[in-house]
Amino acid sequence: MRAYAITGGIGMGKSAAADWLKDHGIPVLDSDDLARDVVLPGEPGLQKLVDHFGKGILCSDGTLDRAAVAKIVFQDAAARKFLEQTLHPLIRERWLLWKQQCEDNGGKICVVIIPLLFETGMESDFDAVICLKTTPEVQRQRLLKRGMSEEDIQGRIMSQWPIEEKIRRSQFIVDNNGTLEELAAQLEKIFLKQD
């Protein structure tokens, strides 16, 4: 089985790529979903964050207030480092288990979407890495459409490696400045020519 990681900066089309993969019956797992799972009430990840940041990061129902955590970690590099060192091993454990299940079920391809793949040094878990890229202006416009402020956009972009470095380390590059059809055509060349 070949295991691929898809990475890229925020707003560069990882979710659109995931939708295309699902539509074509290719098993895909989004590490952002796992990041939500490992901080659900009762999970050790949530308790570690509360122990470190305090109960102010919880909503009244005991769930994680993601906006409160984001506000802390995107303004404080040490806080972001603690968050990543706490949650990334838990997330990795889950995607490795999922990959094994795909293989055990006879899968030939599986894909994990991981925005911080290189930042966390996890690229060696995969046979190949696909990096989605856009121009800074396209990225900014997409994030503004999501309702993010200029300050939030800058904080998120600064928390990730420069896209040029991700491109340099990837085996496949997908230019996602255009339409969904153009994105699909590039993904087809990678995934639908497999044996």
- Note on the structure: Val111: passes all of (1) touching a Leu at 6+ places or on another chain (Cβ under 9 Å); (2) under 20 Å from Gly25 (Cα atoms); (3) part of a loop (DSSP other than H, G, I, E, B) but (3)
- Query: Among the residues of the stretch 147-169 satisfying the criterion of being under 12 Å from Met12 (Cβ atoms) and not polar (S, T, N, Q), which is farthest from the chain's Cα centre (by Cα)?
  - Reply: Ile167
- Query: Are any of the residues in the stretch 141-163 in contact (Cβ under 8 Å) with a residue 12 or more places away in the chain, within 26 Å of Ile109 (Cα to Cα) and out of contact with any Lys or Arg (no Cβ under 6 Å at 6 or more places or on another chain)?
  - Reply: no
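Which residue, of Leu132, Leu117, is touching a helix residue (DSSP H, G or I) at 6+ places or on another chain (Cβ under 9 Å), under 19 Å from Arg2 (Cβ atoms), part of a loop (DSSP other than H, G, I, E, B) and not charged (D, E, K, R)?
Numbers: Leu132 fails: part of a loop (DSSP other than H, G, I, E, B).
The conditions single out Leu117.
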- Which members of the stretch 170-195 meet the condition of being β-branched (Val, Ile, Thr), within 17 Å of Gly11 (Cα to Cα) and either in contact with a Lys or Arg (Cβ under 9 Å, 6 or more places away or on another chain) or in a helix (DSSP H, G or I) (or both)? Ile173, Val174
- Message: Which pairs turn up if I take residues in the stretch 45-74 that are under 14 Å from Gln85 (Cα atoms) and look for partners that are modelled with pLDDT of 95 or more and of a type in the set (Ser, Thr, Tyr) with beta carbon separation below 6 Å, at least 6 apart in sequence or on another chain?
- Response: Lys48/Thr86
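The values are calculated or read from the model by the stated rules, or taken from the named source; none is laboratory data. Fair warning: this is a prediction, and the values are worked out from it, not measured in the lab. All Cβ positions, glycine included, derive from the backbone under ideal geometry; neighbour counts span all protein chains shown.
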